[in-house]
Amino acid sequence: MIGTVTDDLVAEWSEFSESALGGLGSADFRTQWKAIAGGGILRTAASDASVGPVTRALAAVEGIGVGGTPAGLCYALASQRFGIQFPLQSFGAPAWTALADGVERGDILLCHALTEEGGGSDPLSMTTRAVPSGDGGWRLNGRKAFVTAAPVADHALVFARTATERTPFALSAFLVDLSTSGVRRSDPFPKVALTGVPMGALDFDDVRLEPERLVGQEGAGLALLTTTTSWERALLLGYALGPMRRVLDRTVDWARSRRQFDRPMGGSHLVAGRIADMALAVHRSRTLVYAMAHRFDRSESARSLASDAALTKISVAQDYLEFSRQAAMLGGVRSFIADTGLTVDLADPMAASVYAGPNDLLRVSVARELGLPVQN
Ligand SMILES: Cc1cc2nc3c(=O)[nH]c(=O)nc-3n(C[C@H](O)[C@H](O)[C@H](O)COP(=O)(O)OP(=O)(O)OC[C@H]3O[C@@H](n4cnc5c(N)ncnc54)[C@H](O)[C@@H]3O)c2cc1C
């Protein structure tokens, strides 16, 4: 799963991202996106005997992070790649087929519009509504909030209610062109985690959707959501592997060079133990996420991987948070001052416990799978 070929890919992507983003440090999000996408990170590679397309995509995401791509951009690329592109490829709707090439080139940016102000954890509580327009199309009304990339995206995968009852078939999904009349994008929200990518809201005011905008069948929204969330939970946190490896390397350097009590700080068993725990978190997270990529490459279905994807997401999110806590401790005051080279962002790893299904709710579903009579 993780072997020499994967490590070589990670190294290649690391090198590519350093040169692609060189001099673009203060460029806007779309410019940076395009620079990285230009290397083909959003394109599905042909599978070869040693590494499948999902593992290749994961190695690319890890590699750009190792190369120093800002965490928010790594997150956004991973979110589109694993949470939208791969799932839509398997659904293969006409609206997706028309967009695929532009998306893979990095010219068309997508966002995943599920959450509403009144209900994030509970999709069936959504109020955004699509009603038949009488000519095979739909009219969309409502508001999605807290959507990554919404202020800058071109198209959104929007989940909307197409039936009033609270049933598994009440939701449908649409690929909506955000330049359509009646769509309004908010300004970016003043977000404090993953600041490298904007987040915002989308308002739909009687937006006319052609019939081919529907993804899958009417009522298949929750089934598609099960697919997109399985992919996300399995692989999205692959975005953190690169930043974690960078933080581990620089923490080791710091512990070797910093002198305390007339010896290097890393000569303390307590410090060494913390660093070993950080390495363990990176190792465990890499092993879990690459194992999931390998299983997708073996064509295991998103539905069959749902439980393991949830366990992977919980585990990596917890490890990422604990890892960052250790790094912050060892950096001392420098962890909290910009430009020290040791700054630690604790908001990014904390946010990982919330998106793609809050860890608490995922834990409840894990317990339910084990046979406990527990509901959300
Ligand atoms: C960085 C980031 C990026 C995001 N990007 C997107 C995006 O691109 N598209 C999108 O649609 N959304 C996005 N979201 C929103 C995200 O999906 C929601 O935050 C998530 O679904 C949780 O919804 P909520 O925030 O409304 O939390 P709530 O539903 O209000 O829940 C808050 C907390 O309460 C607890 N809780 C609530 N109910 C239960 C229960 N029944 N059992 C146990 N615990 C419970 C949990 O601890 C939970 O974390 C993003 C969020 C973040 C932080």
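The values are calculated or read from the model by the stated rules, or taken from the named source; none is laboratory data. These numbers come from a predicted model, not from an experiment. For neighbour counting, all protein chains shown are included, and Cβ atoms are generated from backbone atoms with ideal geometry for every residue, glycine included. For accessibility, only protein heavy atoms count, side chains too; no ligands or nucleic acids. Shrake-Rupley method; radii C 1.70, N 1.55, O 1.52, S 1.80 Å.
Quick notes
- Matching residues, the stretch 197-221, being surrounded by fewer than 18 Cβ atoms within 10 Å (Cβ to Cβ) and not basic (Lys, Arg): Asp203, Asp205, Asp206, Glu210, Pro211, Glu212, Gly216, Gln217, Glu218, Gly219
- Ala356 closer than 30 Å to Cys111 by Cβ, surrounded by fewer than 17 Cβ atoms within 10 Å (Cβ to Cβ) and small (Gly, Ala, Ser): no
- Hey, Leu99 within 14 Å of the ligand (Cβ to nearest atom), farther than 26 Å from Gly3 by Cβ and open to solvent by 10 Å² or more (accessible area, probe 1.4 Å) or not: no
- Of the residues making up the stretch 334-376, those that are of a type in the set (S, T, N, Q) and within 11 Å of the ligand (Cβ to nearest atom) are Ser353, Asn359, Ser365, Gln375, Asn376.
- Given (1) polar (S, T, N, Q); (2) assigned to a helix (DSSP H, G or I); (3) surrounded by fewer than 23 Cβ atoms within 10 Å (Cβ to Cβ), number of the condition Thr44 does not satisfy: (2)
- Any hit, the stretch 183-191, residues being under 23 Å from Arg143 (Cβ atoms), open to solvent by less than 10 Å² (accessible area, probe 1.4 Å) and not aliphatic (A, V, I, L, M): no
- Sole exception among (1) surrounded by 14 or more Cβ atoms within 10 Å (Cβ to Cβ); (2) more than 25 Å from the chain's Cα centre (by Cα) for Arg246, by number: (2)
- Selection within the stretch 296-313 - open to solvent by 60 Å² or more (accessible area, probe 1.4 Å), part of a helix (DSSP H, G or I) and of a type in the set (D, E, K, R): Arg303
- So Thr69, is it in a loop (DSSP other than H, G, I, E, B) and either touching a Cys at 6+ places or on another chain (Cβ under 9 Å) or more than 16 Å from the ligand (Cβ to nearest atom) (or both): yes
- With respect to the conditions (1) aliphatic (A, V, I, L, M); (2) in contact (Cβ under 8 Å) with a residue 40 or more places away in the chain; (3) closer than 25 Å to Leu88 by Cβ; (4) out of contact with any helix residue (DSSP H, G or I) (no Cβ under 6 Å at 6 or more places or on another chain), Ala46 lacks only one, and its number is (2).
- Condition met for Asp339 (open to solvent by 60 Å² or more (accessible area, probe 1.4 Å) and at positive phi): yes
- Any chance Gly242 is under 21 Å from Ala59 (Cα atoms) and either part of a loop (DSSP other than H, G, I, E, B) or at pLDDT 95 or above (or both): yes
- Hits in the stretch 116-150 (condition: within 16 Å of the ligand (Cβ to nearest atom), of a type in the set (Val, Ile, Thr) and open to solvent by 40 Å² or more (accessible area, probe 1.4 Å)): Thr127
- Residue within the stretch 154-175 that is of a type in the set (A, V, I, L, M), within 16 Å of the ligand (Cβ to nearest atom) and farther than 22 Å from Ala220 by Cβ present: no
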